[in-house]
Amino acid sequence: MKFGIIVFPGSNCDRDVAYVTRDILNQPTRMVWHGDTDLSDIDVVVIPGGFSYGDYLRCGAIAQFSPVINSVLEHSNQGKPILGICNGFQILTELGLLPGALIRNRDLHFICDRVPLTVERTDTIWTQNYDQKETIVLPIAHGEGRYYADDDTLAHLEDSGQVVFRYAGNNPNGSLNEIAGICNENGNILGMMPHPERASDRLLGSEDGASVFTGLLAVAAS
Amino acid sequence: MSTVSASPFSPEEIAAEGIKPDEYEEIVKRLGRHPNKAELGMFGVMWSEHCCYKNSRPLLKQFPTTGKRILVGPGENAGVVDFGDGLQLAFKIESHNHPSAIEPFQGAATGVGGILRDIFTMGARPIAVLNSLRFGSLDDEKTRRIFAGVVEGIAHYGNCFGVPTVGGEVYFDRAYSGNPLVNAMAIGLMETKEIVKSGASGIGNPVLYVGSTTGRDGMGGASFASAELSEESADDRPAVQVGDPYLEKCLVEACLEAFQTGFVVAAQDMGAAGITCSTAEMAAKGGVGIDLDLDKIPVRETGMVPYEYLLSESQERMLFVIEKGKEAQLIEIFKRWNLQAVVAGTVIEEAIVRIRFQGSIAAEIPALALAENTPIYDREILPEPPDYARTAWKWTEDELPGCSQNGIEIAGKHCSWNDILLQLLDTPTIASKKWVYRQYDHQVQNNTLVVPGDGDAAVVRLRPTEKSAFKVANANKGVAATVDCNSRYVYLDPFEGAKAVVAEAARNLSCVGAEPVAVTDNLNFGSPEKAIGYWQLASACKGLALACKEFETPVTGGNVSLYNETIDDKGNPTPIYPTPVVGMVGIVEDVNSVCDRAWKQAGDTIYLLGQPTDPDTAEVTLGASEYLVAIHNTIAGKPPRINFELERNVQAVCREGIRRGWVRSAHDSSEGGLAIAIAECCISSNRGAQIQLPETLSRLDTVLFAEGGARIVVSVAAENITAWESYLQEHLSKNWQKLGTVGETNASLQIEMANHGGLIDLSVDRLQDTYDSAIERRISMS
């Protein structure tokens, strides 16, 4: 399964994701420069964390005008997997591939911590290696991670079971409905504020995030 | 001097550039004529303490700077040490005190930006940042604003750049009320085969300007940083630079890519004094000259004059000397990252810095006069310690009220030892710094092994990126890093205090299992022109030098920040505590065996390494302690004396214990002494502890809260106790002691003493609440 990791100027978790997919999971991995437009060789697109284009104007707002984005949209139209982590999640909402928005954290500070999450769905390609309602602990690191959507959108998200991860215990950033990660209706696009790639190496103390990636590999193998 | 006409500048104009009358005469001597306005400005910044160390150079000479792991010592943008297996680390510390006092957010942010550039200018990719911060009291509204702004500025720059901020220290003391200290240390892993240095070479080689544009921001920041702060300093706000971490993230990628081509001959970050400093230093180091045309420099505003170009401290800029003929290839790399890159000059044979502007020569100065042949002040050191120190040294424990098992009476109020312990845990200097480090991304890059708050030092795995020229088969090595300084010790006894700073840094590294390797230091002091200020600086440098020799940790560079004094409304200068911050790096041979401070399992045995609880009173004392200040409002006594041999032995034993898997947790005793160290192990692990102390002749507060003694608290599993104790007996003789056992989760901390009964009994919940909320509670007062 070939991973393509989009590199915008200002992306800074691109190598962290590649470390997991290429070095730990031994999957072919290509860094895709934001000026590239050919994603035909890629199975899974990952939009990594960071501060694309400095996050000027609004987080993820400028990235949507990058040349590579049309190819990402095409990838999405084909129903292929797209994972947006942190800034990647923000970009996916700016693109309209996922509903809602990520706004400034409730206490106005950047938060770096490790927080418990509940896995709400295990029937997605991303989460099938987790147990239903399993509690996992993943790192978060964001200043604008508070999930927001209007009432109708939120109700629709809940009704159609698009909430994949929810903060368990204290809500760190004030996200509505404790939302930490959502997918689209089709289930091929996942956006999440926590960093699964930072919890995929035993040596660093936690492998709670690895299942997001190994789940995908299991899909490909079956 | 008779051939030279009268000065074209008034004494005020000369003083405004930070130049003293004698220095002006020296300038005229070096040039053989009067300088013009631009040249005067260039001398002003280059001859500032920040750039030329005119006061501190004679003292810095005594530092050990060589050793088997030292690849690059002082003098370059950063020091470089060899960690074996092709792993080379660049590291350096730098201050941004004065800018942070005036504009906390940008001052601190650009401090981080500057130190990161120092690292990647060498060809190293930044892998970790630490910082050492000092503020006034959090009871003061202005201090809270500065504190919050500094933390946010550091977070902003580091988080966006994508480097983990993995550790540091934060102190609160009224001595820093108007003059906070913001020292940032960065560590990078070399990515290029050759270390990139700053000496220009190759006559005719092009000089390439890269990065951001030049504007009027940060004009003359270096000379600003070398003057005392006053009410008017707030009007110096244009001297504070504005940083753009996004641009710097692009710059690091472009620079490392450019260095990999092998066509960059030399590189110099444009930090203090921007174009002036980079051209002068590159020329002087290379023994050549540089001819630079200001009309080629990309600008962000119009109508700038040479003086402004030359003194601008616009951020995220660098100067390269590159091989002739490779201009297009290198410029292309920077264009790809949307950065400026223009050929702005040439390396010339004549050792001068020649600056052109609009077709004529705007400045022409011998490079050595700017960067090497600079003033030096050998000052007289006070023959006797000053009065304030001698008075403080007269203090003895006998001045404290009597105490018993039940506690101590302070100003008519009875305090139990529980009360005292909680009050110390609530002291911002001791309390959890979670409010601070939670704002720093400390995990980006996926290599952080010990996160802030968990261990006595940060530990980061050394894993070269795919771009590195070095391939490492097994990324099993790590770097441990710490920044330390107990400045009250240094204030009360600069020589002994400075030794203690180095000893604590080495001890902190040993507590995570790392072998100390090298030091970068940041000397934050008051005015050297005052007798006491210079005595403090000179005595502390002597202590640092001695201790760095004793621990075999050479100094590879650093930063000097003098004139840290605020002038109050009545015009009285108030110096800060002398604060020689030591940043130390250590090698972790196997990242699978690192240690943090949390107890691991109920029933494990707790040991004290170092001076036992009935100690040598010069080495373990309440003098200069946090207890004395926080509880008795007394700043007095002599700080604990360092016993180098004991320190080295204890640290070696701790490291070996960790390596063999015996020691499961380790934490040194520092501010707050033994009781606080034990409480912190409980807090980190959410586990209790039962401590049984032998009867003692010492005062009970000395037993609980005295500092010093090379002490480390460790815990060991039952199955290893026999081996461990025989190892201790062999290597530490009497300098270890069994303290008690680790308790269950959510249990309590109980400290008892033979024939006295219980001294302390507090639930871990209570300890945690107090420790965790101390800073946040004060911040939310505003």
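Throughout, read-outs are computed from the coordinates displayed, never taken from laboratory work. For clarity, every value in this text was computed on a predicted model and none was experimentally measured. Positions of Cβ are backbone-derived with ideal geometry, glycine not excepted, and every protein chain shown enters the neighbour counts.
Some points to look at:
- Taking label points 7 Å from Cα along the Cα-to-Cβ direction, B:E529 and A:D152 give a separation of 7.1 nm.
- Protection proxy ranking, peptides B:274-285, A:93-104, B:240-251, average beta carbon neighbours within 10 Å, highest first: B:274-285, B:240-251, A:93-104
- Shielding by other protein chains, A:110-120, mean Cβ within 10 Å: 3
- Loop-located trypsin sites (Lys or Arg not before Pro) in region A:115-207 (DSSP state other than H, G, I, E, B) with a sparse environment of at most 13 neighbouring Cβ atoms within 10 Å: A:K133.
- Simple Cβ-charge dipole of region B:1-98, Lys/Arg +1 and Asp/Glu -1, about Cα centre, in debye nearest 20: 340 debye
- Surface/4 of the Cα convex hull for chain B, nm²: 32.7 nm²
- Cα-based reach from A:K80 at 19 Å (exclusive), listing lysines while leaving out same-chain residues under 8 positions away: A:K2
- CD proxy at 222 nm, helix term only [per DSSP H run n ≥ 4: -39500 (n - 2.57); per residue of chain B; nearest 500]: -10000 deg cm²/dmol
- Using the Cβ-Cβ distance between A:K80 and B:E194 with R0 set to 35 Å, the FRET efficiency works out to roughly 0.20.
- Gyration tensor verdict on region A:95-146 (Cα atoms; rounded if a/c is under 1.5, prolate if a/b is larger than b/c, oblate otherwise): oblate
- Region B:418-460, Rg to Rh (Cα coordinates; Rh as Kirkwood inverse mean 1/r): 1.11
- For region A:4-71, alpha-carbon Rg over 2.2 N^0.38 Å: 1.09
- Extended-chain gain in nm, criterion 0.36 nm per residue less alpha-carbon gap, B:K29 and B:E656: 219.8 nm
- FRET efficiency, 1/(1 + (r/R0)^6) with R0 51 Å, evaluated for B:N755 and B:R336 via beta carbons: 0.10
- Summarised in one figure, the compactness ratio Rg/Rh of region B:79-128, Cα atoms and Kirkwood Rh, is 1.11.
- The overall shape of the protein assembly as shown, judged from the alpha-carbon gyration tensor, is oblate: a/c is not under 1.5, and a/b is no greater than b/c.
- Only the Cβ atoms of Lys and Arg (+1) and of Asp and Glu (-1) were treated as charged; on that basis the dipole of the protein assembly as shown about its Cα centre amounts to roughly 1500 debye.
- Greater than 18 Å apart at Cα, pairs in B:K326/B:K471; B:K68/B:K285; B:K54/B:K570; B:K61/B:K549: B:K326/B:K471; B:K68/B:K285; B:K54/B:K570
- Set of aspartates and glutamates with alpha-carbon distance to B:K499 below 15 Å, sequence-local pairs under 8 removed: B:D484, B:D521, B:E550, B:E552, B:E619, B:E645, B:E647, B:E707
- Between the helical axis of B:245-260 and the longest alpha-carbon principal axis of chain B there is an angle of about 70 degrees.
- Between helix B:21-31 and chain B: long-axis angle, C-alpha atoms, 0 to 90°, nearest 10: 50 degrees
- Relative contact order of chain B, taken over Cα pairs closer than 8 Å and 6 or more residues apart, is 15 percent.
- Centroid-to-centroid separation of region B:321-369 and region A:24-53 [C-alpha atoms, Å]: 37 Å
- Helices in chain A, meaning DSSP H runs of at least 4 residues, each add -39500 (n - 2.57). Divided by all residues, the mean residue ellipticity at 222 nm is -5500 deg cm²/dmol.
- Short-range pairs are left out: with C-alpha atoms under 8 Å and at least six residues apart, the relative contact order of region A:3-221 is 19 percent.
- Computed over the alpha-carbon atoms, region A:3-221 gives an Rg to Rh ratio of 0.92, Rh here being the Kirkwood radius from the mean inverse distance.
- Separation of alpha-carbon centers, region B:1-42 and region A:180-208, rounded to whole Å: 63 Å
- Relative contact order %, region A:116-222, counting alpha carbon pairs below 8 Å whose residues are six or more apart: 31 percent
- If you take the Cα centroid of region B:47-115 and the Cα centroid of region B:711-756, the two points sit 40 Å apart.
- For region B:662-772, the gyration tensor built on C-alpha atoms gives an oblate shape. Its axis ratio a/c (a ≥ b ≥ c) is at least 1.5, and a/b is not larger than b/c.
- Those trypsin sites (Lys or Arg not before Pro) in region B:551-629 that DSSP places in a loop and that have at most 11 other beta carbons within 10 Å: B:K570
- Straight-line reach from B:K467: taking Cα to Cα under 19 Å and skipping same-chain neighbours fewer than 8 places apart, the aspartates and glutamates in range are A:D14, A:D16, A:D23, B:D85, B:E191, B:E194, B:E248, B:E253, B:E257, B:E332.
- With Cα atoms, 0 to 90° folded angle of helix B:104-120 axis to chain B main axis: 80 degrees
- Average beta-carbon neighbours from other chains, 10 Å sphere, peptide A:9-19: 6
- Semi-axis lengths (Å, descending) of the ellipsoid that matches the C-alpha gyration tensor of region B:156-224: 33, 21, 14
- Shown here for region B:678-755: GluC sites (Glu not before Pro) in loop regions (DSSP other than H, G, I, E, B) with at most 14 other Cβ atoms within 10 Å, namely B:E695.
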